[in-house]
Every structure is written in structure tokens, then in C-alpha cells.
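The values are calculated or read from the model by the stated rules, or taken from the named source; none is laboratory data. These numbers come from a predicted model, not from an experiment. No Cβ is skipped: glycine too gets one built from the backbone with ideal geometry, and neighbour counts run over all protein chains shown. Surface areas here come from the heavy atoms of the whole protein model, side chains and all, with no ligands, DNA or RNA. Shrake-Rupley method; radii C 1.70, N 1.55, O 1.52, S 1.80 Å.
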Amino acid sequence: MRNIEQLNLMDTHFWEGEATTAEGHARLRAKVGGMHCSLCTGIIERTLRTQPGVHRVSVSLPHEQALIEYEGERVRAEQLLGTLRDLGFTIGDPRTARSSPDDTSPLVSEGRRLLALVALSVVTVPLMLLDMWNHVGGWAAWVLGASAVLTFVLAPKLVVMAVESRRRGLLNQPVVVQASAVGGLIGGLVGLMFTPEHYPTGGFFAVTVLVLAYHTFSRWFALLVRTHNSHSVKTLLELQPDTVRLVRDGQEGEVPLKAVGVGDVVRVRPGERVPVDGRVVSGRSAVDESLVTGESVPASKREGDEVVGGSVNGSGTLLIEITRVGENTFLQQIIRSIEDARALKPGVLDLVERVLKVYMPSVLALAVLAAVFWTVVPAALGHGPDLNRAVFATLGVLIMAYPCAAGMAAPLALVRGAGDAAEQGIVMRTGDAFQVFGEVTRIVFDKTGTLTEGAFTVREVEATSDRDQLLALAAAAEASSEHHVGAAIVAVARERGLAVPKAHDLKAISGHGVHATIDGATVLVGRPSFVAERVGLSRFAERAAQLEAAGRTVVAVSRDGELLGLIALGDQIRPEARAVVDEMKRQGIAPVLLTGDNRRAAQRVARELGIDDVRAEVLPEGKAEIVRDLQRRGRVAMLGDGINDAPALTQADVGIAMGAGTDIAIESADVVIVGNRLDAVPMAREIGQRSYRRTQQNVVLAFVFNAVGVPLAATGLVYPIWAMIVMIVSVTVVLANSMRGKWSLMFSTLRDVAKRQV
């Protein structure tokens, strides 16, 4: 056991190259501290986009994360992080951000601060009312003043945030909130010092307490939502065991998961969870992959089969050679997709940022103008300065303009939507998944692996002489193929125990077939039309047409110019496919079947599913062109799972990848169906529509309240405490709209947090 115990257990720390995009750019995710509102995210994005080699920057305020795609040859990750530090933000390790599901300390500390401020507010409000009605002596104003000062002591972070914002040259949410709180304190001190008649000294102090208390509540609530929606990541993380049973040099022992690498062999006993992605090198068992892929029936695994980390082993013992570790595993890719989704946002939030850039300076300017107006104009008219109204107008504008609703609740609606989707096994990877999905008028379905099971099996073999020789040659040519058809031919050759020869000089003609040299002979394997152009089909031409008419995918095989025969394969239509197509039609979306398969097989599937628009025998490079053509008539979604679908998924307004598809297809998509369930597609659209609609509602609600309330407050006729009440109502309405129907889950999150603290 000595060699196992002395393994290097040090985890590699890295910033750069955390992920690579489909375009080959490096991707950097960092935890950014010190962001307070959408203006902070805006200044980060604008500044980083000016850096050479930076292609994309998205920042998530609720999750305090920045996602940056850049060219590693032109700019280094350290330079980008240095730029963030120069802006005055703190930088954290992206892996710290990833462990956030377990880190509830910010929520707990903010909750304790909130409880103290709520207790102070409970004392403040009755005293303020009594002071307003003159039922108590002057001591009440002094108590309220002490409460206001104590509030600043309990919430010092706001002062720090406001100072940081001014240092960055920002007029943002903390500045306005701080101005409101300080304005209330100054207004109360004026009353204590000069005791003017009918002056609401207690009311001003109460405004300070309530503004800071409600601001703390808003921050705490945002943290609560973030904690709840991080549970989807936490659930995925828990699917991966902390330790593995490593087998090396004939010895076996438990080591931490991070101590193993590609090529190591681990043992998985009956009932245990598979720790990593790998390939079975010994043993047979049924593996339950439902938690990972959504497939309810356990999959039979034996030597040579792939297994996914997080699945549960059945009754047999398996020796598994590790093929992927760390960020490359299936679970980590899905986790990374969820985290990336948090940093990406649709255009409505960009609009909010643009409005807030104008809104904040305008509010502060209006507050100053209101104070000057009610001081100067009455004096000019011979009535003397109306100081009460000037103070009321200034403070009322600052309170009524509280920007938390617009700056925070809008992103919360999308975070809520991402959480809803994750609970259904759907990863919304980009903001377009929320915004554009609802505008789609056509959805393009790839056939194999999406509308069908993707599990091709050899159904018929038509050979001139030796059927085994035909299968062995076809398997040799297709041995390195990742296509479903090639994999099925290789699988049947293995099942029959055939000796598959080694192929040389392989040349794949994309979408047509394979040219190879096997045992010195030239072998062609591919579509009947591909082989017919070179050697002809002779008597098999009619049989090939019959098989294709029956819905089979037909492969022809020739050697040295002589046709050896045909291999016919079949694939089952998914049971839920017809219902999904009908639902898309009901929603006004026209389905299109797009496949590289033969036209007869495609038309048979289309007839069974009720699809009228069929594009068959399309080469991989032609799929993206067809999507481009369809986009001239409206928004297009594309659903696929293979490498040949990746260009079309990227081209589509919304790309949807099945979770069991290839890595590049998943990387190219906006939406990933983790559970590989076709019926999750209309569900994803519904969640996207609902979330984006809720976002729009939040933005409208926030600005309607402010558009009416701010000018009214500038008249000086609104008592500051009433401005405070209206502000509380506006923010509460927006937050309630964001969390509509999810309150019970919020409470369950609170219970979970409380249990961890016990």
C-alpha cells in the first residue's frame, strides 16, 4: 500500500484554461466581490471588452461571478484579473465560487444583521408614530436619533460600498441608499438642534433606520435565492464520491478522488456510485444512470463499455479505467454549464443597465434641484425659504428612487428560472435561452438520437457470399467512427466474435462514407449512392431501395471494385416524440426534420410524427446553411446531439443539445437536456418564456413605481415616511413577483441553512 499512500494529493490550482469554447477561445470564470448593482456589472463588462483579445464578457450580479472568453495568445488571464482589481473589485478563485452551495456564511451573517435591524425597526416605528402625534416628550426624538446612529453601526458595509462606488466614479445603488440614510440622519439632527415648529424630527430618524433595514433585507433575500438555486449544483456535486478504490500494481486501497488521473483503474463494488467517467476493463453489471441521463432502465455494462461518473452500480463488480477527470467529466461539464448560465443575461438586463446609468445621476440632480427650488423660489416670491418642503422634497426623491427593484430583482427572475430548469434536468446555458426561445417560429429536429433512440442495430445483412467477412470489413472501416451507424456495425462484429482486421489509409468522405485499405485491398463503406458511383450496385440496387422504403438505413460495402453486399440498420422512434411534435405545433411552432439519412427513412419517420417539412441526405456543412435559410422567415431552434449538428446548433437562434450527445454539441448549445428526455424541450421553452416574462414584468413594475413616485416626491408634499412606505411596497411587489410559487422552497432552504448552523 505504500505506493498508493504516497500519491501526490495536491490539487492543481489554476485560473487560465478552465474551459475551452467551441471556437477555441479560453474561458475564465472568477468570483468578483464588491459589486452592488447593475452599474457595477456594466463597468466591468465595458472595461474588459476594451482589452485586446477579449471576445465576450458577462457578469452575474446575484452570483458575483464574471465569465470571460478570450484569446489566450493575445491576453493572459492574470492581466484580466489585474484589470478587475484596478477597478477596485476583489477577486476570488473560481473554485471558491463553485463551492458556494455549501458556503452559507454570507447568508447567515446577513441574516443576523437583518434580525438586529428588524428589532430596531420594531422599536423605531411606534416611537415615531407617538412622536408625530406629540404623545411623548422630546426624549423620543433622542431615542430615535440614537437608533439611527446604531443602524449605521449595524450596517457598516453600506458605507464602505458607497465610498468604493464614488472611488470608481459610480453613482449607483449604494450611493443613493447612503444619501437617503444620511439625509434622514441630517434631517433629524436639524430638528434636534433647532426644534422648528411642526418639524418631523422622529420621522427623519425613522427613515434612516427603515431605509438601511430594508436595504439589508433586499441583500439577504438575494442571498437566499442564490443559496436555493445553488442546490441544483450541490445535488450534482453529491453524485460524485469523495474517495475511490484505486487498483495499482496488484494492490488496492482507498484514496481521495482528486488523487487519481486518466489511465488509473478503480474498482466499483455492487451498490456503489461510479466515481468518474471511464471504460469497463473487467466485469459485468447493470448500471443505473437515471440520476445522470434520465434513463430509468439500468444499462448493461461489460468490458469496453463507457460508464458515467455519478451512476449507481448494480449487482456486479466492475474494474473501470478512468478516461476523464476533473473539469472534463460529464458531471463537471454540466455543473460548468449551470455556472456559465448564471453569468449570461438577455437584452432586457442590458437595457436596465443603460437606464440606470442615466437614472442615478438624474435622481441625485433632481434631489438637489428640488432642495434649491423650495429654498429659492418661495424666498424670491417674498414668503421666505420653505425649508420643511425643501428637506421633504430632497429626502423624498432619494427614498422614492431606491433602485434595488430595477437593479436586483430583474436578474433574480432569471436566476429563479435557471433554478426551475435545473430541477427538471434542463440547463439554460445562455440568456438567449430565456429571451429568444419564446419567439421561435420553427424548430429543427435532427433525426438520429433526438427523435429516435439513437441506438442503431443491424437488422438485415445481404451478402454475395460470406456475411461475417462483410461485417468484419465494414467494422474495420468504421472502427474509429463516432457515428451511430458505424458504432452499431462495430458492436455487432464484436458480439459475433469476428476477427476485425486493421484498417489503414482511412479517408472519411463526410456525409457519404469511408475509403480504407484493409489487408492490401481497397474497401468502400457508405451510402448505396456513394458506393454505386464507384462500383455499382448490380442486383442489390432494388433490394437497397426496398430496405430504405421500409425505413432502414442502408450501408453498402465493396472490396477492390467488387460489391460484397448491404447492411441494413434500424432505429426506434422515441415513445414521446409524437406528443412533443404535436405540442410544438400547438404552440404555433412548425417542426422541420433535418437528417443526413436517406430520404425514404426520413420520410417514414416524418409520416409517423406528423412532420411535413423534411430535409434529408443533408451533409454536415449543409445543416447550418438550412438553418440560416429558415432564419430568414423567423426565429429558429435546433435540436441535435452529434458532432455534425454542432455548426447548426451554433447557427440557430436557440441551440438545444441532448445530454447524451457529444461534447462539442453540448458546448455549442444554448440549452442542454441533461436527462436526454425529448419531452423536456417544450418544458424548457415554457420555463424560458415564463422567466423572461417575469423579468419584463419586474422591470416595468420597478420603473412605473419610480416614474410616478419620484416626481411626486419632488413636490415636497410627500412626507418622507410615506415615501419610505411606497418604496418598500414597490420592492416587495417586484421580489414577490420573482418568487411567485416558490415561497415553500425558500422556507425549506432556510430550514436547511438553520440545520447546518446547529
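Couple of notes before you dig in:
- Restricting region 223-254 to residues that are open to solvent by less than 10 Å² (accessible area, probe 1.4 Å) and of a type in the set (A, V, I, L, M), the residue that is modelled with the lowest pLDDT: Val233
- Scope region 117-133; condition in a helix (DSSP H, G or I) and either open to solvent by 40 Å² or more (accessible area, probe 1.4 Å) or free of Cβ contacts under 8 Å to residues at least 12 places away in the same chain (or both); matching residues: Val118, Ala119, Val122, Val123, Val125, Pro126, Leu129, Leu130, Met132
- Take the conditions (1) charged (D, E, K, R); (2) open to solvent by less than 40 Å² (accessible area, probe 1.4 Å); (3) modelled with pLDDT under 80; Lys301 misses just one of them, which is (3).
- Failed criterion for Ile509 (all others in (1) within 23 Å of Ala545 (Cα to Cα); (2) surrounded by 15 or more Cβ atoms within 10 Å (Cβ to Cβ) hold): (2)
- Yes/no for Val580 being in a helix (DSSP H, G or I) and within 26 Å of Leu451 (Cα to Cα): yes
- Pairs where the first residue, in region 600-620, is acidic (Asp, Glu) and the second is assigned to a helix (DSSP H, G or I) and open to solvent by 20 Å² or more (accessible area, probe 1.4 Å), C-beta under 9 Å, 6+ apart: Glu608/Arg578; Glu617/Ser529; Glu617/Arg599
Residues checked against (1) among the basic types (Lys, Arg); (2) modelled with pLDDT under 85; (3) surrounded by fewer than 17 Cβ atoms within 10 Å (Cβ to Cβ); (4) farther than 20 Å from Arg600 by Cβ:
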residue	(1), (2), (3), (4)
Gly497	no, no, yes, yes
Gly520	no, no, yes, yes
Arg527	yes, no, no, no
Arg534	yes, no, yes, yes
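- Here Asp597 meets the list (1) closer than 12 Å to Lys447 by Cβ; (2) open to solvent by less than 30 Å² (accessible area, probe 1.4 Å); (3) out of contact with any strand residue (DSSP E or B) (no Cβ under 6 Å at 6 or more places or on another chain); (4) modelled with pLDDT under 85 almost entirely, failing just condition (3).
- Looking across Val580, Val554, Val627, one residue alone is out of contact with any strand residue (DSSP E or B) (no Cβ under 7 Å at 6 or more places or on another chain), hydrophobic (A, V, I, L, M, F, W, C) and in contact (Cβ under 8 Å) with a residue 40 or more places away in the chain. It is Val580.
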